[in-house]
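The values are calculated or read from the model by the stated rules, or taken from the named source; none is laboratory data. In this text the structure is predicted, and so the values were computed from the model without any measurement. With ideal geometry, Cβ positions are generated from the backbone for all residues, glycine too; neighbour counts draw on all protein chains shown.
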Amino acid sequence: MTRRAPALVASLAALLAALTVLGGAGPAAAHEERPAQFPDGTGHRPSFLGFDNPRQRVVCQRDSAERVAAMPDGPVKARNQRLLASCRYRSIQTAIDSVSRPHTSVYVLPGTYHEAKYAKAGRSDYCSHLQTASKSPLPFSEYIGSLSSPDPGAEEAAAAEGESNPIALSYADQRRCAHNLNLIAVFGDRTPGNDSIRCDSRFCGLQLVGTGMTPADVVVDNRFAKLNAIRADRAGGLYLSNMTFQQAEFNAIYVLETDGFVIDRVVARGNDEYGILAFASDHGLIQRSEAYYNGDSGIYPGSGSDLNADNTEFEATRYAIEIRRNDSHDNTLGYSGTAGNSIWAHDNDFHDNATGIATDSLFPGHPGLPQDHARWNRNRIYSNNANWYTAFVDSGVCDKPMEQRGYMQGTVCPVVPTPVGTGVLIAGGNYDSTDHNWIYDNWRYGTMQFWVPAPLRDDYDPTHLYDTSNHNHTFQNRMGIDPTGTERPNGTDHWWDDQGVGNCWEDNHYGSAGQTDNFTVPPPSCADGGSVFLPGAPVKDAGFLSCSQYDRSDPTWKHPPACEWFDSPAQPTTMAAPGDAASGAVLVAPLATTAAALGLLLGLRRRRSRA
Amino acid sequence: MRRSRLGRRAGLVALVLLALLAAGGIALARSEPALRAEGPTSVAGTEATGVFEIADRTVRQVRYDDGGTLRYTFELTNHDRLPITVRGLAEEQPPSRLFTYTGLTGADGRTTLRLSPGESAPVTLDLLMGGCETLSARAGAFVTAVVLRVERGGVLTGLPTDDLTVALPEELHTGSPREAFCPSSTATSRPPG
């Protein structure tokens, strides 16, 4: 299950089983999902097989010829004209289902694909009664659905007929009932009954490639018909390229338990939760893609294969997923990853989100907690000040039915709380490297790091209490300065709750105001071991406790009274004095109090002497 | 003449004393009884619990058990100069998404508790855990205070001060469970998150 050893697989399984016996939480993503396992790490990242793969299927729409004809002359048009002659399919899924051998390319010609056959297909009797009829029930989950259907009446009608609509399906049931929850589905493991989750079917190495000039030429529009627009499950070797996926309640693109995948030049937009979500996967690459208007994160590499779980060195031995040259903007989070382990994100733009990058150990049930060994470098993380909470949650827009909220027009309905105006947020991570980035114009904090006590992730082992927020390094970043050299300050460059060991912030470059932070005691350098444990020193309140009550659907808790994360921070000025407001307060307040006390004493003495 | 002046003075003094007494009474009625919740604490009705401190907040995390009752025991101490009688929970309690206040009892199981000045006694607050079927799986819920119905000096004044908000020695917090452990959830009952 993990890259490290089968022994760990057994350990994890045993741990999960133990948790179940205890009645505790099992693995879960934002939506209910089967317990996920890490791949064994024997896979590899696939390469593009080109447009001349002899193993191919070609898909087109009625208007594809017209669209191709409208293309400017050149190799792309010529290629599309050639492929058009080979088009035998109107549906992407039908083309996938026809694949007979591994490493087949499905070429998708320009057009909009609703996959109506699968969006509206009736379910078999078995797939309609999974709660009672499943032949492969999950070992420890009850069949309770959580699909927020755009049409609640449909669910009630189904329930009245004794049907059920669970989400936490076993892999076998997902494969058998592929379109219960997914518009397009690729299942690579044809032997769900054995112990291996490795891809072993004709779908291994599948390439799904849009043939247009840009990703906008080939659009898969789910129209909220299914939970996911496309699901690649144990689909080792998947190559997904040059297409747009939109309007899914959960994920536009969902990669699960997959060893070896590439997502290249895709657009993922207008989703209630995630644009691109990879979970418990390895040997992955997400590149040159754009994600926007997503209620959770644009790109989510959660529970990355935990390759460095036992690595106590700062440097990672290997990264499970590489994320490069993407543009993730106008989401709640540009990038996020609960248990986002062994992830390397570089040369990306994360901007105009509520928070640019976040990783955390806040939520139970994610394999690989606590989070460790992510590296973010050479990214531009800026202007993450979008306050969707006030714009769309407080205003009631997010109370409307999903399809009426205007997701394609820029509505974002946050499903999780996050501090508006923050560049990089490490909520309980270890051995994370934030280096060589441009982090500017984030009006609350450039970087924010705080401890997440283990009980919050349902880990009550007292020896784990302080096992997060250790050994993170933030260095060689340009803070409050954009790539042109213009000063665009962050509200405060660095916020830290003073908790954890081995953390350091050094060799960063700051604007004319100098470094702004809230450090009570500046930690030693990285070479000197970073921060140390200070017995009795109070941990600052990052605000996540109060904000944890956030529920966008609840009139009281859509804006928890004590939560300050949803207050829009004021734009900082470039003329700010050295030392941030919070840090300044730490130093100035006692001085002011002392001065005032001295003044009072002197005044009293004078009065007495006069008397 | 002199006698009548003295009489007027005595009357004035009596009036002032009366006014002072009345003001004192009103002040007493308006002032909040000094009742505090303190440790030691303990919980029952949950399979796992842990305590941690962040800033000035002490948080006790408990594992949610749908339909179960969390029993949280702590000490109530009367720091007032008058005896205080606790007559259970007030009608209105602070809002909490996954907890419902259901009762307060003393160590002997009685719902009425009399505390002399300086006296302490253990009490148990019962909180019904429920409502997860309409809460997103990544949200949580707190109970940080309890509102008690109290008599001060044996008097129920009928004023709002009869309902006393007492901050708990720890903030009780639970996370929303996954759906498998939230049996009343339906396909549309829980929002995402």
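Structural remarks
- Tally of residues being buried (at least 24 other Cβ atoms within 10 Å of the Cβ) and among the aliphatic types (A, V, I, L, M) across region A:282-309: 3
- Search result, residues across region A:521-547 that are away from chain B (no Cβ under 14 Å), among the hydrophobic types (A, V, I, L, M, F, W, C) and either in contact with a Pro (Cβ under 6 Å, 6 or more places away or on another chain) or touching a residue at least 12 places away in the same chain (Cβ under 8 Å) (or both): A:Val521, A:Cys526, A:Val532, A:Phe533
- Contact map, region A:548-572: first residue within 11 Å of chain B (Cβ to nearest Cβ) and touching a residue at least 60 places away in the same chain (Cβ under 8 Å), second residue among the acidic types (Asp, Glu) and surrounded by fewer than 22 Cβ atoms within 10 Å (Cβ to Cβ), Cβ cut-off under 9 Å, separation 6 or more or different chains; pairs are A:Arg552/A:Asp399; A:Ser553/A:Asp399; A:Lys558/A:Asp394; A:Lys558/A:Asp399.
- Checking A:Asn518, A:Asn508 one by one, the residue that is within 14 Å of another protein chain (Cβ to nearest Cβ), buried (at least 21 other Cβ atoms within 10 Å of the Cβ) and closer than 30 Å to A:Thr573 by Cα is A:Asn518 and no other.
- Residues in region A:50-75 that are under 33 Å from the mean Cα position of the chain (by Cα) and under 24 Å from A:His114 (Cβ atoms): A:Gln56, A:Arg57, A:Val58, A:Val59, A:Cys60, A:Gln61.
- Some residue of region B:173-182 being of a type outside the set (Val, Ile, Thr), more than 14 Å from chain A (Cβ to nearest Cβ) and surrounded by 19 or more Cβ atoms within 10 Å (Cβ to Cβ): no
- Every condition in (1) closer than 23 Å to A:Ala278 by Cβ; (2) more than 16 Å from the chain's Cα centre (by Cα); (3) of a type in the set (Ser, Thr, Tyr); (4) buried (at least 24 other Cβ atoms within 10 Å of the Cβ) holds for A:Tyr389 except the one numbered (1).
- Among the residues making up region A:231-251, those that are within 15 Å of A:Ala185 (Cα to Cα), in contact with a Leu (Cβ under 9 Å, 6 or more places away or on another chain), more than 14 Å from chain B (Cβ to nearest Cβ) and in contact (Cβ under 8 Å) with a residue 40 or more places away in the chain are A:Arg231, A:Ala232, A:Asp233, A:Arg234, A:Ala235, A:Gly237, A:Leu238, A:Tyr239.
- Each residue in region A:342-361 was checked for being crowded, with 24+ Cβ neighbours inside 10 Å and assigned to a strand (DSSP E or B), and 9 pass.
- Selection within region A:509-531 - modelled with pLDDT under 95 and farther than 15 Å from A:Gly491 by Cα: A:Thr520, A:Val521, A:Pro522
- Selected residue [at pLDDT 95 or above and crowded, with 19+ Cβ neighbours inside 10 Å] from A:Arg269, A:Arg324: A:Arg269
- Subset of region B:78-95 [aliphatic (A, V, I, L, M), more than 30 Å from B:Asp66 (Cβ to Cβ) and crowded, with 18+ Cβ neighbours inside 10 Å]: B:Ile84
- All positions within region A:459-477 that are farther than 28 Å from A:Asp441 by Cβ, surrounded by fewer than 24 Cβ atoms within 10 Å (Cβ to Cβ) and either hydrophobic (A, V, I, L, M, F, W, C) or in contact with a strand residue (DSSP E or B) (Cβ under 8 Å, 6 or more places away or on another chain) (or both): A:Tyr460, A:Pro462, A:Leu465, A:Asp467, A:Asn470, A:His471
- Boolean, A:Asn194 is in contact with a Cys (Cβ under 8 Å, 6 or more places away or on another chain) and either at pLDDT 95 or above or more than 30 Å from A:Ala69 (Cα to Cα) (or both): no
- Identity of the residue in region A:18-47, more than 14 Å from chain B (Cβ to nearest Cβ) and surrounded by 14 or more Cβ atoms within 10 Å (Cβ to Cβ), that ends up modelled with the lowest pLDDT: A:Gln37
- The set of residues in region A:210-231 being surrounded by 24 or more Cβ atoms within 10 Å (Cβ to Cβ) and among the aliphatic types (A, V, I, L, M) consists of A:Val218, A:Val220, A:Leu227, A:Ala229, A:Ile230.
- Against the list (1) surrounded by fewer than 18 Cβ atoms within 10 Å (Cβ to Cβ); (2) among the small types (Gly, Ala, Ser); (3) away from chain A (no Cβ under 14 Å); (4) closer than 30 Å to A:Asp554 by Cβ, the condition B:Ala37 fails is (1).
- Enumeration of residues in region A:573-597 that are part of a loop (DSSP other than H, G, I, E, B) and either modelled with pLDDT under 55 or within 14 Å of chain B (Cβ to nearest Cβ) (or both): A:Ala576, A:Ala577, A:Pro578, A:Gly579, A:Asp580
- Only one entry in A:Asp482, A:Asp459 is of a type in the set (Asp, Glu) and either under 20 Å from the mean Cα position of the chain (by Cα) or within 30 Å of A:Ala527 (Cα to Cα) (or both), namely A:Asp482.
- Looking across region B:47-64 at every residue that is in contact (Cβ under 8 Å) with a residue 60 or more places away in the chain and surrounded by 19 or more Cβ atoms within 10 Å (Cβ to Cβ), the one that is nearest to the other protein chains (Cβ to nearest Cβ) is identified as B:Gln61.
- Where strands (runs of 3 or more DSSP E) sit wholly within region B:31-79, none has at least 2 residues that are farther than 25 Å from A:Phe544 by Cβ and in contact with a Lys or Arg (Cβ under 7 Å, 6 or more places away or on another chain).
- Taking region A:73-90 as the range and being in contact (Cβ under 8 Å) with a residue 40 or more places away in the chain and surrounded by fewer than 19 Cβ atoms within 10 Å (Cβ to Cβ) as the test, the residues that pass are A:Val76, A:Arg79.
- Cβ pairs under 8 Å, 6+ apart, first in region B:94-106 and within 14 Å of chain A (Cβ to nearest Cβ) and closer than 15 Å to B:Thr144 by Cβ, second in a loop (DSSP other than H, G, I, E, B) and of a type in the set (Ser, Thr, Tyr): B:Pro95/A:Thr556; B:Arg97/A:Thr556; B:Leu98/B:Tyr64; B:Leu98/B:Ser176
- Some residue of region A:83-91 being in contact with a Pro (Cβ under 8 Å, 6 or more places away or on another chain), outside any loop (DSSP other than H, G, I, E, B) and either modelled with pLDDT of 95 or more or under 25 Å from A:Arg202 (Cα atoms) (or both): no
- Unmet requirement for A:Ser336, which otherwise passes all of (1) part of a strand (DSSP E or B); (2) of a type in the set (Ser, Thr, Tyr); (3) more than 14 Å from chain B (Cβ to nearest Cβ): (3)
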